[in-house]
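Chemist: This is the structure I have questions about; it appears just below.
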Amino acid sequence: MRVRALTVVVLFAIGFTVVSGRLIYLQVLCHDKYQDEAMRAQYRVVPIPAMRGRILDCQQRIFAQSVPVVDLYLDGKLATEDPSKLDQLAQLIGMQPAALRAQINPAKRNMLVASELDSSVADQLRALKYRPVILNDRVKRVYPNGWEASHVVGFTNQKEKQNDNWKSPINTEEGVAGIERALDYCLAGLTGERKIVLDKTGKEIPAYRMADRPAQNGCDVVLTIDQVIQHSVEEEADKLMAKYQPETVSIIVSRPSTGEILGMTNRPTYDPNDRKTMENIANLRNCSITDVYEPGSVFKIVTTSAVLNEGIANLDTPIFCENGVFYYAGTTLRDTHPNGTIPLHKALAESSNIAFAKLGLALGSERVYNYARLMGFGDFAQDQASIFPGSKVKMALPGEQRGMLHPLKTWSKISPTRVPIGYEIGVTNLQMVMAMGVVANGGKLLRPLFVKSIIGPDGRVVKNFEPEVVRQVISPQIAADIRKALEGVVSDEGTAEGAKVQGFPAAGKTGTAKKYNNKLRDYEKGAYYSSFIGFVPADNPQFLISIQVNQPRGQVYGGKVAGPAFANIATKVAQQLNMISGDQPRILAKAKEGEQP
């Protein structure tokens, strides 16, 4: 008996020792590990999505916004077992009951039946209390104006966002083009978190809810684009495409005194609401900032600015135009309209290549190059600086090209005669707008402004954007003289008679440039860039319009192709800006005399 008792005691002692050792191992040595596992089993971190900010026009009309939508899924197995409410469900979502029943497959436990339902329909579906129904809430980015300003506004893609603390990822919107991409950090906001405690059935215990970190909604971005002006620009781009069937069209409207972009469009284009319109990659390209081309005669504003600012000539200086044929350095340059000796202002109005080639020679290669640089060519037009100190957020629209301005050491003997007339140099339409702005605003090169302000979720302005002067290029008096000379272009004797604007004096410059074909390594026969860039009113410019048409069919001259489009847009822009017509005093005077105005 004593042996048996001793054996039992020893076995119990060994058992207690093993259990005690195990307890020490679990509770001391493995404490942190099992505590973490218990925490993971009991606690959850639920992400709280942030609402993406809106993109607004200068009057705070909506270009882009996020709206809550609901996707409807069905559990096919449960629906097969209990089809009692399928007819009601079909009626709520606008489907034929027979069509809905035909979709039911018991093998599919998560069938998408309807997407992007509004909240009122979702509430009715919840009220059904029908077990097979699975509702998935999400946010959809919508663009009320469709393709209007799409290259500026851009679009978003759905992206899965994951955090190590979260049980499952959430879908968020990520900007991939335009302002949506450039200011994604401001628009996106910050995802919040809610920490909860679960019971053994997996349900939340509200009494043990821990502190939430609320989501911080994104900021609204207010553009300088005016929705009404943008609509006018879009309409005119469509007309140009229909009439001339060009490869591309680029139109920009700006306020030269501030650098604000009031309208910008391109053709081809796309609708950010319709993914099918994005399948052709060419539709996504913002030609106004990505396409580099030889501008031709519109570049003569740079040469005119240089010769006047350097005192080499004035607008009345006579220039012998060689009767239309100029031989220099083994090459021949011709004018469309042969002239003998004419003053500089007439050479500008008639766009004499020979006159401006001679002015280029008078300036010399170095000064031609320097003034092209001063006007912003060969560099980015947009501001590349960060919006907020230390942040990575840039102001620039994605994809801008710096253009092409060859270094002086690579210039040939004829380069000083070709660059002044807009060849051997590559520009973007946005660069041409800012260069013409130098003439229109009194000699200052400005940065283009696309964003007017950023507004926080609480409605307070986070940041306003002010005009930025890059440098003074020419004197205010020289700029005024050139503006006066450019009125001659929009006259009966100039190359853009069709650009006249009823009630306002207009000024500008035409361009009809041969198109270089990289494959042929030569200029393509019959292919041209036709353009017009001008401002209204001529003596005190309030807005500036640049129209560039790539390879129009039928007509090719810039004054004929782009000039009338300029006049149409300018008339509507003047109305939108509430400008007073110069014809009003005359019209009122006639009315007093009893005449029909």
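The values are calculated or read from the model by the stated rules, or taken from the named source; none is laboratory data. Owing to the predicted nature of the structure, the values given are computational and were not obtained by experimental measurement. All Cβ positions, glycine included, derive from the backbone under ideal geometry; neighbour counts span all protein chains shown.
Chemist: I'm told Ala98 meets every condition in (1) modelled with pLDDT of 85 or more; (2) within 45 Å of the chain's Cα centre (by Cα) except one. Can you identify the failing condition by its number?
Modeler: The one condition Ala98 does not meet is (2).
Chemist: Could you count how many residues in the stretch 236-263 are farther than 16 Å from Phe532 by Cβ and outside any helix (DSSP H, G or I)?
Modeler: Residues meeting the conditions: 9.
Chemist: In addition: Look through Ile580, Ile533, Ile545, Ile474 and report the one residue that is buried (at least 24 other Cβ atoms within 10 Å of the Cβ) and part of a loop (DSSP other than H, G, I, E, B).
Modeler: Ile474
Chemist: Further, regarding this structure: Every residue in the stretch 556-570 that is touching a strand residue (DSSP E or B) at 6+ places or on another chain (Cβ under 7 Å) and in a helix (DSSP H, G or I), please.
Modeler: Gly558, Gly559, Val561, Gly563, Ala565, Phe566, Ala567, Ile569, Ala570
Chemist: Still on this structure: Residues in the stretch 375-391: is at least one among the aliphatic types (A, V, I, L, M), modelled with pLDDT of 95 or more and either over 30 Å from Cys219 (Cα atoms) or crowded, with 16+ Cβ neighbours inside 10 Å (or both)?
Modeler: So far as the stretch 375-391 goes, yes, one or more of its residues are among the aliphatic types (A, V, I, L, M), modelled with pLDDT of 95 or more and either over 30 Å from Cys219 (Cα atoms) or crowded, with 16+ Cβ neighbours inside 10 Å (or both).
Chemist: List pairs: first residue in the stretch 250-276 and not assigned by TED's automatic domain parsing to the domain that holds Gly443, second residue of a type in the set (Val, Ile, Thr) and in a strand (DSSP E or B) anywhere in the structure, Cβ distance under 8 angstrom, at least six positions apart or on different chains.
Modeler: Sorted first by the residue in the stretch 250-276, then by its partner, the list stays empty.
Chemist: May I ask you to verify whether Asn323 is assigned to a loop (DSSP other than H, G, I, E, B), surrounded by fewer than 20 Cβ atoms within 10 Å (Cβ to Cβ) and either in contact with a Ser or Thr (Cβ under 6 Å, 6 or more places away or on another chain) or among the polar types (S, T, N, Q) (or both)?
Modeler: Judged against the criteria, Asn323 is not a match.
Chemist: For residues that are of a type outside the set (A, V, I, L, M, F, W, C), buried (at least 18 other Cβ atoms within 10 Å of the Cβ) and either in contact with a His (Cβ under 7 Å, 6 or more places away or on another chain) or within 22 Å of Val490 (Cα to Cα) (or both), tally how many sit in the stretch 326-360.
Modeler: Counting residues in the stretch 326-360 that are of a type outside the set (A, V, I, L, M, F, W, C), buried (at least 18 other Cβ atoms within 10 Å of the Cβ) and either in contact with a His (Cβ under 7 Å, 6 or more places away or on another chain) or within 22 Å of Val490 (Cα to Cα) (or both) gives 8.
Chemist: Scanning the stretch 48-85 for residues that are among the aliphatic types (A, V, I, L, M) and in contact with a helix residue (DSSP H, G or I) (Cβ under 6 Å, 6 or more places away or on another chain), which turns out surrounded by the fewest Cβ atoms within 10 Å (Cβ to Cβ)?
Modeler: If we take residues in the stretch 48-85 being among the aliphatic types (A, V, I, L, M) and in contact with a helix residue (DSSP H, G or I) (Cβ under 6 Å, 6 or more places away or on another chain), then Val70 is surrounded by the fewest Cβ atoms within 10 Å (Cβ to Cβ).
Chemist: Give the residue that is nearest to Ala513 (Cα to Cα), with candidates limited to residues of the stretch 410-429 that are buried (at least 20 other Cβ atoms within 10 Å of the Cβ) and of a type in the set (A, V, I, L, M, F, W, C).
Modeler: In this case the residue turns out to be Ile421.
Chemist: Considering the stretch 267-305 alone, what residues qualify as being more than 24 Å from Glu524 (Cα to Cα) and of a type in the set (Ser, Thr, Tyr)?
Modeler: Thr269, Tyr270, Thr277, Thr303, Thr304, Ser305
Chemist: In addition: Residues that are in contact (Cβ under 8 Å) with a residue 60 or more places away in the chain, touching a helix residue (DSSP H, G or I) at 6+ places or on another chain (Cβ under 8 Å) and among the β-branched types (Val, Ile, Thr): does the stretch 114-135 have at least one?
Modeler: Yes, there is a match, as at least one residue in the stretch 114-135 is in contact (Cβ under 8 Å) with a residue 60 or more places away in the chain, touching a helix residue (DSSP H, G or I) at 6+ places or on another chain (Cβ under 8 Å) and among the β-branched types (Val, Ile, Thr).
Chemist: Considering every residue within the stretch 129-152, establish whether at least one is farther than 30 Å from Tyr270 by Cβ, out of contact with any strand residue (DSSP E or B) (no Cβ under 8 Å at 6 or more places or on another chain) and not aromatic (Phe, Trp, Tyr).
Modeler: Yes.
Chemist: Going through the stretch 288-300 one residue at a time, which ones are of a type in the set (A, V, I, L, M, F, W, C) and either outside the structural domain of Ser415 (by TED's automatic domain parsing) or buried (at least 24 other Cβ atoms within 10 Å of the Cβ) (or both)?
Modeler: Those that are of a type in the set (A, V, I, L, M, F, W, C) and either outside the structural domain of Ser415 (by TED's automatic domain parsing) or buried (at least 24 other Cβ atoms within 10 Å of the Cβ) (or both): Ile289, Val298, Phe299.
Chemist: State whether one or more residues within the stretch 59-71 are closer than 30 Å to Leu190 by Cβ, at pLDDT 70 or above and touching a Cys at 6+ places or on another chain (Cβ under 8 Å).
Modeler: Checked the stretch 59-71: no residue is closer than 30 Å to Leu190 by Cβ, at pLDDT 70 or above and touching a Cys at 6+ places or on another chain (Cβ under 8 Å).
Chemist: Another question, if that's okay. Which members of the stretch 292-329 meet the condition of being small (Gly, Ala, Ser) and touching a residue at least 12 places away in the same chain (Cβ under 8 Å)?
Modeler: Gly296, Ser297, Ser305, Ala306, Ala313, Gly324, Ala329
Chemist: Would you check if there is a residue in the stretch 292-315 being over 28 Å from Val470 (Cβ atoms) and either part of a loop (DSSP other than H, G, I, E, B) or modelled with pLDDT of 95 or more (or both)?
Modeler: Looking through the stretch 292-315, none of the residues is over 28 Å from Val470 (Cβ atoms) and either part of a loop (DSSP other than H, G, I, E, B) or modelled with pLDDT of 95 or more (or both).
Chemist: In the stretch 276-290, how many residues are farther than 20 Å from Gly263 by Cβ and assigned to a helix (DSSP H, G or I)?
Modeler: 5
Chemist: So, one more: Scan the stretch 343-370 for residues that are outside any helix (DSSP H, G or I) and touching a Cys at 6+ places or on another chain (Cβ under 6 Å) and report the count.
Modeler: 1
Chemist: From the list Asp199, Asp164, Asp220, Asp184, pick out the single residue that is closer than 23 Å to Met51 by Cα, at pLDDT below 85 and acidic (Asp, Glu).
Modeler: From the options Asp199, Asp164, Asp220, Asp184, the qualifying one is Asp164.
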